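Here's the structure we're looking at; comments come further down.
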Amino acid sequence: MLRVALKMLIGDRVKYVGLLFGITFTTFLVTFAASYFCGFMTRGFALVAENGAADVWVMDPAVASVEQTSNMAASALGRVRSVEGVASAVPLALGTAEARFPNGRFQPFQVIGVDDATLSGVPPLENGASSAALRAPDAAIVDPGGTEDKLETPLLEADQWPPEPHLDAPTRPLATGDELLINDRRVRIAGRSKALPRFPPRPLLYTTFSNATRILLPERRRLTFVLATAMPGVMPGELAARIHARTGLRARASDDFKADTVRWFLNNSEDVGDIAAMLSVAMSVGFGVTGIMLYMFTHENLKQYAVLKAMGATSKLLLGMIAVQTGLCALVGAGLGLGLCATLGRFVAETADFPFRMMWFTPLLGGGTVVLVSVAAAAISARPVLKLEPAIVFAGR
């Protein structure tokens, strides 16, 4: 009888294709939305991921993520270095500054000041250039940070400002040797990096800690993070607990700080609500299309079900037939949706730098949604079959 159910389903090609379309669309949209969410969450802690050599991040006790920070006293660096189990500790400064381009245009940058001696945290540079150029006075490395067309300088020297801005002049990408003006200080571009894209997207400017202190507006405190490395045999979590107990500062292992940043975005980012709305729309559309198509298919085959029931088929067997039909559609549609999502997601991630990351649980989320939609659709379409009376059906015929 189950083979008969499959033949009934596949025999009606129009409704079979409609069912597959509804489930495929649901799987694709839910999985794509979840993968997009994972993508921008990953970009949210890109700064932590770039500094992979750091085992522990030390910060002000009120800091909960890399997105919202508060600076500490310079003495915090020495206090962390004095904790037992710390192999090394380097400073990291974060700040925001508006840079004036040679054509007069302003552009906000996130300034990242790395340790002068080790240059720890500087991402790889384009064309294999060396980050040692950062040690020159007022040198900096720029990165788009997930933005587009933000790092543009005038193509012609005649369009440089002063005496007056030339905002509509032809431009070219910033290159080594170009200059920016930040807080009345000239900053020379020493190269472009290949840093991880940020969320929210923003242009980045890497420089040494001492250079950052000079080009940023004066503050009593400039140190944002201390990046500590554990001695061999010391676990990052154990070292973080030691630093917190000894200094009173907040100390988190790198993986824990990534999780803290994700939680911060979940609580504070409006994009989380957008993702939830997208998932709700996907489930609603998938449920509507799948439910209607399966109900229409079942309703149009009531005569066949009546014949089977008159021949002795039980309600349990008829329900099994509907479950097999729904299961086949769910299995094939989910496979098509996941394959389409993986293919399209990889394409947009590579060509348009889209924040797409399909993690292990995103296909499970898409599959779970399909199960819910399919079960609900099967329950609706099974109702007329359970109330079926063969005599009434044949009399109406």
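The values are calculated or read from the model by the stated rules, or taken from the named source; none is laboratory data. These numbers were taken from a predicted model, which means no experiment stands behind them. So basically every Cβ, Gly included, is an ideal-geometry build from the backbone, and we count neighbours across all protein chains shown. Remember, those area values only see protein heavy atoms, side chains included, never the ligands or the DNA or RNA. Shrake-Rupley method; radii C 1.70, N 1.55, O 1.52, S 1.80 Å.
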| message | Apply the Karplus curve 6.51 cos²θ - 1.76 cosθ + 1.60, θ = phi - 60°, to the phi angles in the stretch 161-167 and return the couplings in whole Hz, x for Gly and Pro. | response | 9, x, x, 9, x, 10, 5
| task | Consider just the alpha-carbon atoms of the stretch 10-115 and return their Rg together with their Dmax, both in angstrom. | result | 24.0, 77
| query | So which aspartates and glutamates pass the test for Lys258, namely a Cα distance under 20 Å, with those fewer than 8 places away in the same chain ruled out? | reply | Glu50, Asp55, Asp60, Glu67, Glu238, Glu270, Asp271
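Dipole size in debye (nearest 20) for the stretch 1-130 around its Cα centre, Lys and Arg Cβ +1, Asp and Glu Cβ -1? Write down the numbers at each step before the final one.
Working: 9 positive and 10 negative charges, 196 e Å.
The calculation lands at about 940 debye.
Among 300-307, 89-96, how do they line up from the highest to the lowest mean number of other beta-carbon atoms within 10 Å? The partial results should precede the final answer.
Values: 300-307: 16.9, 89-96: 20.9.
Going from most to least packed, we get 89-96, 300-307.
Please list the equivalent ellipsoid semi-axes of the stretch 315-377, computed as the square roots of five times the alpha-carbon gyration tensor eigenvalues, in descending order and whole angstrom. Before the final figure, lay out the partial values.
Details: eigenvalues 208, 22, 9 Å².
Value: 32, 11, 7 Å, ordered largest first.
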| On the accessible surface of the stretch 73-186, probed at 1.4 Å, how many percent belong to carbon and sulfur atoms? | 49
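Please state the equivalent ellipsoid semi-axes for the stretch 155-198: what are the square roots of 5 times the Cα gyration tensor eigenvalues, largest first, in whole Å?
Details: eigenvalues 96, 41, 22 Å².
With the √(5λ) rule applied to the stretch 155-198, the semi-axes are 22, 14, 11 Å.
What translational D, rounded to a whole number of µm²/s, comes out for the stretch 148-247 from Stokes-Einstein when the hydrodynamic radius is the Kirkwood one over Cα pairs, at 37 °C and 0.692 mPa s?
Stokes-Einstein gives a translational diffusion coefficient of 187 µm²/s.
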| Got a number for carbon plus sulfur as a percent of the stretch 1-53's accessible area, 1.4 Å probe? | 71
| field | Distance-filtered residues of the stretch 4-18 - backbone nitrogen under 17 Å, label point 7 angstrom along Ala323 Cα→Cβ | value | 4-6
| If contacts are Cα pairs under 8 angstrom and at least 6 residues apart, what is the relative contact order of the chain in percent? | 31
| query | In a solvent-free Debye calculation with one equal scatterer on each Cα, what is log10 I(q)/I(0) for the chain at q = 0.07, 0.13 Å⁻¹, listed in the order of the q values? | reply | -0.51, -1.04
| task | With everything on Cα atoms, drop me the angle between helix 361-386 and the longest principal axis of the chain, reported from 0 to 90° to the nearest 10. | result | 20
| Can you give the accessible area per residue of the stretch 40-195, in Å², using a 1.4 Å probe? | 45
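When only C-alpha pairs under 8 Å and at least 6 residues apart count, what is the relative contact order of the stretch 56-126, in percent?
Details: 59 pairs, mean separation 13.1, N = 71.
With pairs under 8 Å counted, the relative contact order is 18 percent.
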| Ellipsoid equivalent to the stretch 1-47 - semi-axes via the Cα gyration tensor, in Å | 40, 10, 4
| query | How far is helix 13-44 tilted off the main Cα axis of the chain, in degrees rounded to 10, range 0 to 90? | reply | 20
| task | Return the lysines within reach of Lys309: Cα separation strictly under 17 angstrom, same-chain partners fewer than 8 residues apart disregarded; answer none if there are no such residues. | result | Lys387
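Please compute the alpha carbon radius of gyration of the stretch 235-341, then divide it by the globular-protein estimate 2.2 N^0.38 Å. Two decimals is fine. Working shown, then result.
Numbers: Rg = 26.2 Å, N = 107, 2.2 N^0.38 = 13.0 Å.
Compared with the compact-globule rule of thumb, the stretch 235-341 sits at 2.02.
Give, rounded to the nearest 20 debye, the magnitude of the charge dipole that the chain has about its Cα centre when Lys and Arg contribute +1 at Cβ and Asp and Glu contribute -1 at Cβ. Don't skip to the answer; put the middle values down first.
Details: 37 positive and 34 negative charges, 346 e Å.
Approximately 1660 debye in magnitude.
At a 1.4 Å probe, what is the % contribution of carbon and sulfur to the accessible area of the stretch 281-352? Provide the component values of the computation, followed by the final result.
Working: 2690 of 3650 Å².
Here carbon and sulfur together make up 74 percent of the probe-accessible area.
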| If you average the sequence gap of Cα pairs under 8 Å that are 6 or more apart and divide by the length of the stretch 78-119, what percent do you get for the contact order? | 33
| Binning every alpha carbon pair distance of the stretch 42-92 at 10 Å from zero, what are the percents per bin? | 21, 52, 26, 1
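Average the reciprocal distances over every distinct pair of alpha-carbons in the stretch 210-256, invert the result, and give the Kirkwood radius in Å. The partial results should precede the final answer.
On the way: mean 1/r = 0.0790 Å⁻¹.
Taking every pair of different Cα atoms in the stretch 210-256, averaging 1/r and inverting gives 12.7 Å.
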| field | Max mean-square fluctuation residue, GNM over the chain, Cα-Cα springs under 10 Å, options Pro197, Pro165, Pro144 | value | Pro165
| task | Round to the nearest 10 and give me the degree value, 0 to 90, for the angle of helix 2-11's Cα axis relative to the longest principal axis of the chain. | result | 70
| note | Stokes-Einstein D for the stretch 184-290 (37 °C, 0.692 mPa s, Kirkwood Rh from Cα pairs), in µm²/s, comes to 175
